[in-house]
1. How much of the accessible area of the chain, probe 1.4 Å, is carbon plus sulfur, in whole percent?
2. Could you tell me which of A61, T19, L30 has its Cα farthest along the dipole of the chain towards the positive end, charges placed at Cβ (Lys, Arg +1; Asp, Glu -1), taken about the Cα centre?
3. List every residue whose amide H lies under 5 Å from the amide H of L5, counting only residues 5 or more places away in sequence or on a different chain, with H placed 1.01 Å from N in the peptide plane.
4. Under a point spin-label approximation (7 Å from Cα along Cα-to-Cβ), what is the D3-R54 distance to one decimal in nm?
5. Report, to two decimal places, the Cα Rg of the chain normalised by 2.2 N^0.38 Å (N = number of residues).
6. Quick one: if you stick a label point 7 Å off each Cα along the C-beta vector at Q38 and Y23, how many nm between them?
7. So, for the range 1-45, what is the accessible surface per residue at a probe of 1.4 Å, expressed in square angstrom?
Amino acid sequence: MNDLLTQSEAAKIIGVHQTRISYFVRNGRLPAIRVGLQTVIRRRDAERFRDIPRRVGRPPATPPQPAKGR
């Protein structure tokens, strides 16, 4: 079993688009390794990331604050 995954393979395991994997790697949320020109992710890191509970969707909108001094 191959321990290193391409970003596309990691995206399938985690359940997100490949572009989102790039975002997570750039922001340091998902560890990755550069091998030549390709970025690879360890299978165990992808599986751990997948298993972290998170909220989905947009955050709730905050209601507008009333103007002060009126």
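1. Solvent-exposed carbon and sulfur of the chain make up 52 percent of the total.
2. Farthest towards the positive end: A61.
3. I41, R42, R43
4. According to this spin-label approximation, the distance is 2.5 nm.
5. So the chain has a normalised radius of gyration of 1.62.
6. 2.5
7. Averaged over the residues of the range 1-45, the accessible area is 68 Å².
The values are calculated or read from the model by the stated rules, or taken from the named source; none is laboratory data. All of these numbers come straight from a predicted model, not from anything done at the bench. Every residue, glycine as well, gets a Cβ built from its backbone with ideal geometry; the counts of neighbours run over all protein chains shown. Ligands, DNA and RNA are stripped out before the accessible areas are found, and what is left, the full protein with its side chains, is counted by its heavy atoms. Shrake-Rupley method; radii C 1.70, N 1.55, O 1.52, S 1.80 Å.
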